[in-house]
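Enquirer: Sharing a structure below in structure tokens format, with a few things to ask.
The values are calculated or read from the model by the stated rules, or taken from the named source; none is laboratory data. Since the model is a prediction, treat every value here as computed from it, not as a measurement. Every residue, glycine as well, gets a Cβ built from its backbone with ideal geometry; the counts of neighbours run over all protein chains shown. These accessible areas exclude ligands, DNA and RNA; they are computed on the full protein's heavy atoms, side chains included. Shrake-Rupley method; radii C 1.70, N 1.55, O 1.52, S 1.80 Å.
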Amino acid sequence: MKQYQEMTSEELSQELAALKVQYKKYQALGLSLDMSRGKPCQEQLDLSMGMMDVLDSASDLTCEDGTDCRNYGQLTGIQEARELLGDMMENNPKDIIIYGNSSLNVMFDTISRAWTHGVMGNTPWCKLPEVKFLCPVPGYDRHFAITEFFGIEMIPVPMTPTGPDMDMVETLVHEDSAIKGIWCVPKYSNPQGISYSDETVRRFARLQPAAPDFRIFWDNAYGMHHLYDHKQDYLIEILAECKRAGNPDLVYKFSSTSKITFPGSGIAAVATSPNNMEDFISYLRKQTIGHDKVNQLRHVRFFGDIHGIVEHMRKHAEIIRPKFETVENILERDLNGLGVGNWTTPLGGYFIMFDSLPGCAKDIVARAKKAGVTMTNAGATWPYGKDPQDSNIRIAPTYPSLQDLTTAMEIFSLCVRISSCKKILADRAS
């Protein structure tokens, strides 16, 4: 089939009529399929059920250093957990703080503390006339929701195949002291699934911000989430690069086991410089006497070491790889050559990004919902939910069964074609 733009209006109208017949057949099925968030499926959660058996009432809950995990203490986490996540994050255990189940919660707390009390003795952000944050777009909606909650002005920065537009980042950060940070998902990014290049990471480490309290919020959420054994993206370690560049305090690096074990019961961590560590610990002493050490010990006993995590993630990949390939195969089969959109083919992470014709994304997502497929809201990948092109859609393949996903993607591709036909015909009429 030739591209839609190359068809006559009569051919397009005939195509649209045929597509609508197919669409009504799907509507008649009364489906309810959820692709709205990047959640692990039940089979993935089942992989970690053995963790429930590594500790019981007869277990020794004492760490190697004598810490009783049932009691208070160990503000920065038990040593074994710091070592395990240190290997996972490629950082020295002494530079790591172990938190509760959610790295997003830690990011929110970090912004909140900067807002009320400042960063390392600098003026609290709430006392400044304006505070700004850089937001690579398309990007992670929950990041943007945090900065929006605090009334921080968000500045979109275009993403490229190698990461954020670093020319723009360097200029803005160097010239504007009101810019206090940037959100980053550097490996298998949300939603594109791309990883920052070596040059991009090095340029981040060599930033010269006008604000002394500027920080890179480096959310390495998908550091272990490869889809393939022999085709994997690799990322330069940012803390080491910052130290080499003479900017040791520039970055907060976040990670967690949320999509490795149980999203609601994992462990999160921050890796950062000694100066930043001291700043974090100063408020942690007021906030808590220690996070859940029993859960930290449970993770350590379950995995043993980093090799246990690597093997565990291979099992995850075996479950979700066919789902990613199904999405890509259906998009290729139904849309390739029509000129109605393009999509990414990531080697890891949790998402595939789809870009429709401008002005079609909201219509596609709404049309899919009417046929029983719930997706992430169009525009969610931009600050304030406002995609200026109305073209970006995040596809989350992991949660549905393979059968449901196949049906959902057939409906999605059908909605893309219907919306594209209508858009082209409307443009011609106007």
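Enquirer: Size of the dipole of the chain about the Cα centre, Lys and Arg at +1 and Asp and Glu at -1 on the beta carbon, nothing else charged, in debye to 20?
Expert: Working: 44 positive and 54 negative charges, 220 e Å.
Value, rounded to 20: 1060 debye.
Enquirer: If the chain between residue 162 and residue 240 were fully stretched, how many nm would it gain, using 0.36 nm times the residue separation less the Cα-Cα distance?
Expert: Contour length minus the Cα-Cα distance gives 26.1 nm.
Enquirer: Just to check I understand the Karplus step: with θ = phi - 60° and J = 6.51 cos²θ - 1.76 cosθ + 1.60, what whole-Hz values come out for segment 113-123, glycine and proline as x?
Expert: Running phi through 6.51 cos²θ - 1.76 cosθ + 1.60 with θ = phi - 60° gives 5, 4, 5, 8, 10, x, 10, 6, x, 7, 4 Hz.
Enquirer: For segment 116-196, what is the largest minus smallest coordinate of the Cα atoms on each principal axis, given in angstrom and ordered from greatest to least?
Expert: 37, 26, 20
Enquirer: Additional query: Using DSSP, restrict attention to beta bridges with both residues in the chain and report what percent are antiparallel, rounded to the nearest 5.
Expert: Taking every DSSP beta bridge within the chain, about 45 percent pair in antiparallel fashion.
Enquirer: Right, next: For all pairs of alpha-carbon atoms in segment 235-373, what percent lies in each bin of width 5 Å, listed from the first bin to the last filled one?
Expert: That works out to 2, 7, 11, 13, 13, 13, 12, 10, 10, 7, 2, 0, in percent per bin.
Enquirer: Ranked from highest to lowest mean number of other Cβ atoms within 10 Å per residue, what is the order of the peptides 165-171, 376-382?
Expert: 376-382, 165-171
Enquirer: Next up: Go through 355-367, 14-26, 309-321 and give me the packing order, highest mean Cβ count within 10 Å leading.
Expert: Descending packing order for the listed peptides: 355-367, 309-321, 14-26.
Enquirer: Right, something else. Give the residue from 7, 223, 156 lying farthest towards the positive end of the charge dipole for the chain; charges sit on Cβ (+1 for Lys and Arg, -1 for Asp and Glu) and the dipole is referred to the Cα centre.
Expert: 7
Enquirer: Got a number for carbon plus sulfur as a percent of the chain's accessible area, 1.4 Å probe?
Expert: 48
Enquirer: For a quick protection proxy, order the peptides 135-141, 89-95 by their average other-Cβ count within 10 Å, most packed first.
Expert: 135-141, 89-95
Enquirer: Using helices alone, I'd like the mean residue ellipticity at 222 nm for the chain: each DSSP H run of four-plus residues gives -39500 (n - 2.57), total over residue count, nearest 500.
Expert: -13000 deg cm²/dmol
Enquirer: Right, another one. Quick one: if you stick a label point 7 Å off each Cα along the C-beta vector at residue 94 and residue 126, how many nm between them?
Expert: So the label points at residue 94 and residue 126 sit 3.6 nm apart.
Enquirer: Step by step: find N for the chain, compute 2.2 N^0.38 Å, then divide the Cα radius of gyration by it. What's the final number? Write down the numbers at each step before the final one.
Expert: On the way: Rg = 23.2 Å, N = 430, 2.2 N^0.38 = 22.0 Å.
For the chain, the normalised Cα radius of gyration is 1.05.
Enquirer: Let me ask something else about it. Suppose the chain between residue 46 and residue 112 were pulled fully straight at 0.36 nm per residue; how much longer would it get relative to their current alpha carbon spacing?
Expert: Contour length minus Cα-Cα distance gives 20.3 nm.
Enquirer: A follow-up question, please. Which one of 252, 61, 426 is farthest out on the positive end of the charge dipole of the chain, using unit charges on Cβ (Lys, Arg +1; Asp, Glu -1) and the Cα centre as origin?
Expert: So the residue we want is 426.
Enquirer: Let me ask something additional. Would you please give the FRET efficiency between residue 232 and residue 39, computed as 1/(1 + (r/R0)^6) with r the Cβ-Cβ distance and R0 = 30 Å, to the nearest 0.05?
Expert: The formula returns an efficiency of 0.85 here.
Enquirer: Separate question: Which one of 126, 74, 393 has its Cα pushed farthest toward the positive end of the charge dipole of the chain, where Lys and Arg give +1 and Asp and Glu give -1 at the Cβ?
Expert: Toward the positive end, the furthest listed residue is 393.
Enquirer: What number, in percent, do you get for the relative contact order of the chain if the mean sequence gap of Cα pairs under 8 Å and at least 6 apart is divided by its residue count?
Expert: 26
Enquirer: What does the convex hull of the Cα atoms of segment 303-406 come to per residue, in Å³, rounded to a whole number?
Expert: 123
Enquirer: Additional query: Provide the percentage of antiparallel DSSP beta bridges, counting only those with both residues in segment 102-225; round to the nearest 5.
Expert: That works out to approximately 15 percent antiparallel.
Enquirer: Report the extension gain between residue 275 and residue 206 in nm, rounded to one decimal, defined as 0.36 nm multiplied by the number of residues separating them, less their alpha carbon distance.
Expert: 23.0 nm
Enquirer: Magnitude of the Cβ-charge dipole of segment 81-234, K/R +1 and D/E -1, about the Cα centre, nearest 20 debye? Could you put the intermediate results ahead of the total?
Expert: Numbers: 13 positive and 20 negative charges, 66 e Å.
I would put it at about 320 debye.
Enquirer: Moving on. I'd like the projected area of segment 192-275, averaged over all directions, using the convex hull of its alpha carbons. Report it in nm² with one decimal.
Expert: 6.9
Enquirer: What's the FRET efficiency of residue 286 with residue 22 using the Cβ-Cβ distance as r and R₀ = 60 Å, to the nearest 0.05?
Expert: The calculated FRET efficiency here is 0.50.
Enquirer: With angles folded into 0 to 90 degrees, how steeply does helix 79-89 sit against the dominant principal axis of the chain? Use alpha carbons for both and round to 10.
Expert: Compared with the principal axis, the helix lies near 40 degrees.
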